[in-house]
Protein chains: 2
Amino acid sequence: MNKPAKGQDKGDKPGRRRATSYDVAELAGVSQSAVSRVFQDGASASKAMRERVMAAADKLGYRPNAIARGLITQRSNMVAVVISKLTNLYYPEVLVQLTQRFSEHGVRVLLFALERESDTATVLEQMLQYRVDGILTAALFTPEQLRTIAGAHIPVVFYNRSSRDQLVSSVRCDQEEGERWLVDELVAAGHRSFGIVEGPADSVVSIERKMGALNELAEKGISDVTTVSGDFGYETGRRCFAELVERRGSPPDAVIAANDVMAIGCIDEARQACGLQVPGDISIVGFDGVGPARYAAYDVTTVRQPVQRMTESAASMLLERIENPELSPEKRAFSGIPVRGSSARLSADRS
Amino acid sequence: MNKPAKGQDKGDKPGRRRATSYDVAELAGVSQSAVSRVFQDGASASKAMRERVMAAADKLGYRPNAIARGLITQRSNMVAVVISKLTNLYYPEVLVQLTQRFSEHGVRVLLFALERESDTATVLEQMLQYRVDGILTAALFTPEQLRTIAGAHIPVVFYNRSSRDQLVSSVRCDQEEGERWLVDELVAAGHRSFGIVEGPADSVVSIERKMGALNELAEKGISDVTTVSGDFGYETGRRCFAELVERRGSPPDAVIAANDVMAIGCIDEARQACGLQVPGDISIVGFDGVGPARYAAYDVTTVRQPVQRMTESAASMLLERIENPELSPEKRAFSGIPVRGSSARLSADRS
DNA sequence: CTCCGAATTGCATTCGGATGCAATACTGCC
DNA sequence: GGCAGTATTGCATCCGAATGCAATTCGGAG
C-alpha cells in the first residue's frame with residue numbers, strides 16, 4: 001500500500017471504485033450528509049468538521065460526482081451550445097469565448113456540431129436527454145422543436161439567428177444596419193453599379209445581409225444590381241465573382257460580399273482572372289471582421305461584429321434565464337463596427 | 001392547471017415535472033423495468049410491449065434521463081475535449097470534426113477551452129467531477145495530473161502533443177518530417193541563408209517544428225540561420241520578419257515560419273515594408289495548410305496536416321480505450337501533406 | 001449553574017433509470 | 001395435450017449526493 005510499486009499509486013486506494021461521499025464519511029467518522037455539506041457553498045458545517053472531512057477527502061482523492069448531484073438537484077449545470085458547419089471562420093472565436101464565459105459561472109458546455117443546419121432533430125433529442133439547463137444556438141429550430149423545448153422549460157438564446165416571428169431570446173449583430181453603412185459609403189464614393197454575392201440560401205444571416213444591402217441600394221435609387229449566390233467559402237467567392245462578371249458582361253463598380261472570406265475570394269478573382277486593381281478599378285467589401293480580412297494583401301472594408309460583447313451578452317442572458325425562468329424573452333442587437341480597409345475607395349471622412 | 005392558458009401545452013402534461021419512466025409505466029400499465037428495457041438496445045421486450053410503451057412515452061413526451069442513466073451505469077457517455085487558445089486557425093476544424101465523430105458513436109462532447117495552456121488544474125477538476133469517460137486534449141497536463149487521471153482510470157488521448165516521456169496515447173502530425181521536407185526543398189532550390197520564426201515558447205508543436213528545421217538545416221551543412229520567436233499570430237509574424245531583417249541586416253534567402261498564419265504575416269511584411277518579391281527575392285514557408293494559406297495572394301508553401309484522418313484516428317483511439325480500458329497506450333504519427341504553393345521557389349520536381 | 005436559542009449533525013428519503021433474479025408466458029415438438 | 005426450453009416481465013435494489021426534519025451540541029446570558 002505504501003511501497004510505490006510502479007510509482008502510480010500515491011494516494012489512490014488500490015481498490016477499483018472511485019471514492020464516494022460515504023467512503024469519505026466513514027474515514028472521517030461522520031455522516032454522509034456532513035460530507036455533502038462540506039462540499040457545498042451555503043451549507044452549515046463547523047470548522048472542525050470541515051477539516052476532518054477535507055483531510056479524509058483528499059486522502060481518498062474524493063471528488064463529488066456531478067452526475068449524482070445533477071440527478072438530485074435537477075440541475076445539470078450544463079448548457080448546450082449548438083453550432084453549424086463553421087465554414088465561417090468567425091465561429092471558433094465565438095465558441096471559445098462562450099465556453100470561457102460559462103465556465104466562469106460554473107457552467108459546463110456540451111457541444112453539438114451540425115453537419116447541415118437542418119440536422120437539429122437528433123441534436124435536440126440529445127440535449128433533452130442530458131437535461132441541459134439552457135441552450136445557446138447558432139442554428140435554427142423549427143417551431144415545433146421550439147415548442148418542445150419550451151415544454152421542457154429550457155431557456156434558449158439564439159446567436160445571430162432571430163426568428164422574427166418566434167417569441168425567443170436572441171443576441172445578434174445588426175446585419176441590415178451594417179450593410180446600410182457599407183452601401184452608403186460605396187455610393188458616396190461614386191459607385192453606381194453593384195454586385196451582391198450572397199451566402200447559402202438557408203442562412204438567415206446571409207439573407208438579412210442581402211436584404212439590407214438591396215433595400216439601401218433601392219433607397220439610394222440604384223437599380224444596377226446583380227446578385228449571385230454562394231456558400232460563405234473562399235473558392236465559391238472566386239466563382240461568384242467570375243459569374244458576376246460573366247452575367248453582367250463587365251465588372252460592377254463595387255461588390256458586396258456576404259462575408260469577408262467571400263470578399264477575399266472576389267478580390268483574388270478580380271485581380272488574378274480579370275486583372276483588376278482592388279481598390280481602384282473596383283471596390284469590394286465584406287462582413288464579419290475576421291482575421292484574414294486584416295491581412296495586408298486584402299485589407300477588406302467590412303463591418304466587424306463585436307464578438308466579445310455579443311458572447312458576453314449571450315452568455316449572461318442565458319444564465320439569467322436559467323436562474324429565473326420567468327424572465328421574458330429579449331432580443332439584443334449590436335451594431336457592427338465599421339472598418340475602412342483599402343479594398344474599397346471610400347469617401348474621405350463622414351462618420 | 002389544465003386549462004390551456006396560452007396554448008403552449010399540446011401534448012405535455014400540464015404538470016410541472018418532466019415525465020419519468022414511472023409515469024410512462026403507469027400510463028402503459030406495465031412496470032418501470034419494462035419501460036427501461038424498451039429504451040435500451042439489447043434488452044428483451046415483446047413487440048406488443050414495445051408498442052404500448054412507445055405510445056405512452058410519446059403521449060407524455062418522455063425522454064430517458066441521461067443523467068440518471070449515467071449514475072447507474074457508471075458511464076456518462078461524455079468525453080472531455082480540451083483546447084487551448086485557438087490563435088491557431090486550424091483548431092476549429094479539428095473541433096467540429098471530432099465532435100461529429102464522437103456524436104456518431106453516441107458520445108457527447110464536454111468542451112473545455114483554456115485561456116492559457118497552463119490552466120489545466122481547474123479544468124481537470126471539472127472533468128473528473130463530471131465523470132467523463134475519456135479525455136481528448138490539445139493541451140498538456142503535468143505528470144501529477146496525468147497520475148490523477150490514470151488513478152481514475154480515464155483514458156486520455158493527446159492531440160498533437162506528445163509527451164515523449166509519458167506513457168500515454170497520442171495522435172499527431174509528424175512535425176519534424178514535415179520540416180525536413182520544407183528544408184530539403186528550400187535547400188534544393190538553392191537557398192543558403194535562413195530565418196526561422198518560431199511560435200510561443202510553451203508550445204510543444206512549435207518546438208518540434210523548430211527543432212525539425214534546425215536539425216535538417218544542420219544536416220545539410222547550413223549554418224546561416226537566424227531564429228526569432230512569436231506566438232502563432234499574424235501581427236507577430238510581421239513583427240518577427242522585421243526583427244529578422246533587422247538582426248541580420250538583410251533578409252535571408254528563405255524564412256521558415258512556425259505556422260501558416262505567421263508565414264502570411266512574414267509575406268506581407270516582406271512585400272510591404274521591405275519591398276521584396278515573394279516568391280522571387282525570398283521564399284517563405286509555413287505549416288498546417290489552413291484555409292488562408294491557399295488564398296491567391298499568398299499561396300503558401302506548407303505542409304498540410306491530414307486533419308480528417310487525424311481526428312478520426314484520435315476519436316477511435318479514445319473510443320476503443322473507453323470500451324477496453326486495458327489497451328496499452330499507442331502513439332500514432334501522421335505524415336503531413338506537402339503543398340507546393342508559390343510563396344517559395346522550389347525545385348521543379350522530386351517527390 | 002441553568003436555561004434558551006442558534007448552529008451542527010445525523011437520519012431517512014429522494015432523484016430516475018438499470019439490472020440480477022425469480023416468476024410467468026410463450027414456443028415448438030413429440 | 002403435455003413438457004422442456006426460451007423469451008418476457010416484474011420485483012427489489014442500487015448508483016451517489018442533497019436535503020427536510022429531528023436530535024444534539026454549543027454558546028452566552030442571567
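The values are calculated or read from the model by the stated rules, or taken from the named source; none is laboratory data. Owing to the predicted nature of the structure, the values given are computational and were not obtained by experimental measurement. As a convention, Cβ positions derive from the backbone with ideal geometry for all residues, glycine included, and neighbour counts pool all protein chains shown.
Remarks
- Residues of the stretch B:289-348 satisfying the condition of being buried (at least 19 other Cβ atoms within 10 Å of the Cβ), within 13 Å of another protein chain (Cβ to nearest Cβ) and polar (S, T, N, Q): B:311, B:343
- Qualifying residue in the stretch B:267-285 (condition: among the small types (Gly, Ala, Ser), crowded, with 20+ Cβ neighbours inside 10 Å and closer than 17 Å to residue B:198 by Cβ): no
- Within the stretch A:65-104, considering residues that are within 14 Å of DNA strand D (Cβ to nearest atom) and among the β-branched types (Val, Ile, Thr), the one nearest to the chain's Cα centre (by Cα): A:67
- Qualifying residue in the stretch B:42-64 (condition: over 23 Å from residue A:75 (Cα atoms), in contact (Cβ under 8 Å) with a residue 60 or more places away in the chain and more than 9 Å from DNA strand D (Cβ to nearest atom)): no
- Selection from the stretch B:1-25 of residues that are at pLDDT 85 or above and either more than 9 Å from DNA strand D (Cβ to nearest atom) or within 14 Å of chain A (Cβ to nearest Cβ) (or both): B:18, B:19, B:20, B:21, B:22, B:23, B:24
- One residue from A:48, A:68, A:43 being within 11 Å of DNA strand C (Cβ to nearest atom), at pLDDT 90 or above, surrounded by fewer than 20 Cβ atoms within 10 Å (Cβ to Cβ) and hydrophobic (A, V, I, L, M, F, W, C): A:68
- Filtered by the rule that a residue be in contact with an Asp or Glu (Cβ under 6 Å, 6 or more places away or on another chain) and either away from chain A (no Cβ under 12 Å) or not in a helix (DSSP H, G or I) (or both), the stretch B:243-285 gives B:258, B:259.
- Residue B:55, sole failed condition from (1) away from every other protein chain (no Cβ under 14 Å); (2) closer than 25 Å to residue A:124 by Cβ; (3) out of contact with any helix residue (DSSP H, G or I) (no Cβ under 9 Å at 6 or more places or on another chain): (3)
- Matching residues, the stretch B:92-104, being closer than 22 Å to residue A:130 by Cβ, within 7 Å of another protein chain (Cβ to nearest Cβ) and surrounded by 20 or more Cβ atoms within 10 Å (Cβ to Cβ): B:96, B:99
- In the set B:158, B:141, only one residue is modelled with pLDDT under 90 and not acidic (Asp, Glu); that residue is B:141.
- The residue of the stretch B:26-35 that is farthest from the other protein chains (Cβ to nearest Cβ), among those that are within 8 Å of DNA strand D (Cβ to nearest atom) and surrounded by fewer than 20 Cβ atoms within 10 Å (Cβ to Cβ), is B:29.
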